[in-house]
Amino acid sequence: MVIGPVSAASALAWLDYADEVIEELGAMAPGECFTTPEVLEVFRSYVTSWRSSAAGDELLWERDIPAEQVEYHMHAFQRVAEVLDQRAEERGMASPPEGEDFYAAILQGVLTALDAEGPSSAAFAEHLAEFWPGRDPLA
């Protein structure tokens, strides 16, 4: 999977927001949170890795991740994105506009990687592109 190249400033803006979300979700009581501590730890590891790649003016992140793992992580990420999108509509708490390019690069990197993995993964990528919360259907 390849994310970027994208502005490091955009990445850092979105990653700061992601840190806040992870902290907020991690502080919720069991049964109150819609995801698991394991999923939050996976998200935290991605955020840490992306942040370390955001040195200089741009971020370019490349990893060889099995398609099944990407699909599992994106299914969980989609659930988090759905809740955050709903919260943004209800309370006006959205991710920073400065981070939009990085967020789009994450989604595009995932879709491109899954599309290249074969029919099953490509079908999942098509589903993500069509139904990702808060987005017009992604290219």
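All of the numbers you see were taken from the coordinates with simple rules; none came from a lab. This one's a predicted model, so the numbers in the text were calculated from it and none came from an experiment. As a convention, Cβ positions derive from the backbone with ideal geometry for all residues, glycine included, and neighbour counts pool all protein chains shown.
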Using alpha-carbon positions, the gyration tensor of the chain gives root eigenvalues a ≥ b ≥ c; with a/c under 1.5 called rounded, otherwise prolate if a/b exceeds b/c, else oblate, the class is rounded
For Cα pairs less than 8 Å apart in space and 6+ apart in sequence, what is the mean separation divided by the residue count of segment 10-73, i.e. the relative contact order in percent? 38
Just want the answer: with Cβ charges of +1 for Lys and Arg and -1 for Asp and Glu, which residue in 39, 70, 80 is farthest toward the dipole's positive end in the chain? 39
Cα-centred dipole magnitude for segment 2-131, charges only on beta-carbon of K, R (+1) and D, E (-1), debye, nearest 20: 160
Along the Cα→Cβ direction, 7 angstrom out, place labels at residue 28 and residue 120. What is the inter-label distance in nm? 3.0
Span from the segment 79-105 Cα centroid across to the segment 2-26 one, whole angstrom: 11
